[in-house]
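Just so you know, all these numbers are worked out from the coordinates, no wet-lab data involved. Here the structure is a predicted model, which is why all the values come from computation and not from measurement. With ideal geometry, Cβ positions are generated from the backbone for all residues, glycine too; neighbour counts draw on all protein chains shown.
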């Protein structure tokens with residue numbers, strides 16, 4: 001086990017490049033299973049979640065090679081259809097192999113996934129969508145077991161909530177189904193659009209990308225392709241908030257401002273200067289931030305994945321803010337750790353009231369998920385003294401070389417063994 005030792009007081013300044021999106025790359029790797037042959041993905045982030053997905057694809061019979069940020073996936077004519085618990089428990093995104101395996105093999109046995117402890121994320125919409133496509137789906141002995149020996153058939157599917165995971169699984173299953181599938185109230189995230197682009201390059205027929213209604217005309221066969229992963233908007237947002245919190249000046253290359261409009265508008269309201277650059281954006285702040293209210297919503301709303309960071313900003317802002325969490329009910333779990341740094345936060349249901357303080361004070365904290373970890377690191381950057389952030393393996397799942405990138409921007413942070421922790 002390791003931890004980050006963060007010394008507060010540094011102002012982040014310089015330039016940083018954002019790599020491809022974790023929330024897209026993992027699904028693109030799963031989509032490669034739809035076609036026999038070699039698919040190559042570029043700008044895949046060097047994070048542990050990609051390592052887990054790599055091992056899962058190998059277990060299913062694919063040959064996977066990683067060279068820096070390039071991943072090559074050779075898919076054989078016949079692949080396995082069972083995703084075991086020992087791999088799936090580490091990575092919730094592994095459930096996205098359900099749709100590709102079912103439509104390609106006519107069968108899929110995928111262990112119920114693990115992942116971050118941020119609240120319940122049921123698979124009901126995944127399963128009901130596949131049932132409407134003609135599959136028999138149930139849960140047996142801890143596995144989602146799906147069967148469609150005669151193939152899938154297109155259907156009209158309405159999602160009760162614009163779930164990213166359900167949209168992805170149904171979409172990837174529908175590309176090889178007979179006839180037309182319509183997915184209404186589909187997720188609209190840039191990562192969904194990215195997957196659609198790759199599927200179209202593989203031979204799929206999809207209309208409505210970026211809207212809440214996707215039309216998919218099934219094809220008989222898909223082909224391998226090459227694809228560049230869309231930039232990570234959550235990492236871009238993290239660096240943007242970090243620049244504002246530390247009263248810094250950071251240029252974020254390969255970031256897409258158009259994917260973060262409401263986030264950047266929020267930072268502008270907090271007092272930051274936001275400039276769009278030819279290959280990214282620049283965020284600068286010279287004064288103490290002003291408190292900003294935030295409501296998390298599915299895209300294009302404020303992302304729930306950036307909620308911990310905006311709470312950290314409000315913890316040192318001038319004024320009082322209300323943060324409303326509408327996506328994951330347990331996302332406020334980390335505020336108890338933030339309170340150890342002196343933050344004044346009161347949680348009432350899915351609302352958090354944050355009263356800003358001029359400064360925080362360093363203390364040992366423990367992270368429980370990827371984004372909470374990033375939020376605690378950002379808080380440590382503006383706290384007096386040292387903040388020790390434990391359980392950083394969570395952060396490694398979503399942020400490539402976070403310590404190295406922070407140091408290049410002038411932060412005083414090191415990675416070191418954690419003598420006080422011996423387990424997950």
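When the Cα centres of segment 73-106 and segment 349-413 are compared, how far apart do they sit, in Å?
34
Can you pull the one-decimal nm distance between simple spin-label points at residue 253 and residue 355, each 7 Å off the Cα toward Cβ?
4.5
If you take the Cα atoms of the chain, find Rg, then find the Kirkwood Rh from the mean of 1/r over all pairs, what is Rg/Rh?
Ratio of gyration radius to Kirkwood radius for the chain: 0.98.
What is the distance, in nm, between label points placed 7 Å from the Cα along the Cα-to-Cβ direction at residue 89 and at residue 220?
Calculated label separation equals 4.4 nm.
Run the quick spin-label model on residue 348 and residue 160: label points 7 Å from Cα toward the beta carbon, then report their separation in nm to one decimal.
2.8
Output the peptides 151-158, 101-108 sorted from most to least packed, where packing is the average of other Cβ atoms within 10 Å over each peptide's residues.
101-108, 151-158
Please rank 172, 209, fewest neighbouring Cβ atoms within 10 Å first, as an exposure proxy.
Going from least to most buried by this count: 209, 172.
Just want to confirm a number: the relative contact order over the chain, from Cα pairs under 8 angstrom separated by 6+ residues, in percent.
Relative CO of the chain lands at 21 percent.
When the label point is put 7 Å from the Cα of residue 412 along its Cα-to-beta-carbon vector, which residues of segment 242-275 have a backbone N closer than 19 Å?
243, 245-249
Report, in cubic angstrom per residue, the convex hull volume of the C-alpha atoms of segment 22-228.
Expressed per residue, the convex hull around the Cα atoms of segment 22-228 is 100 Å³.
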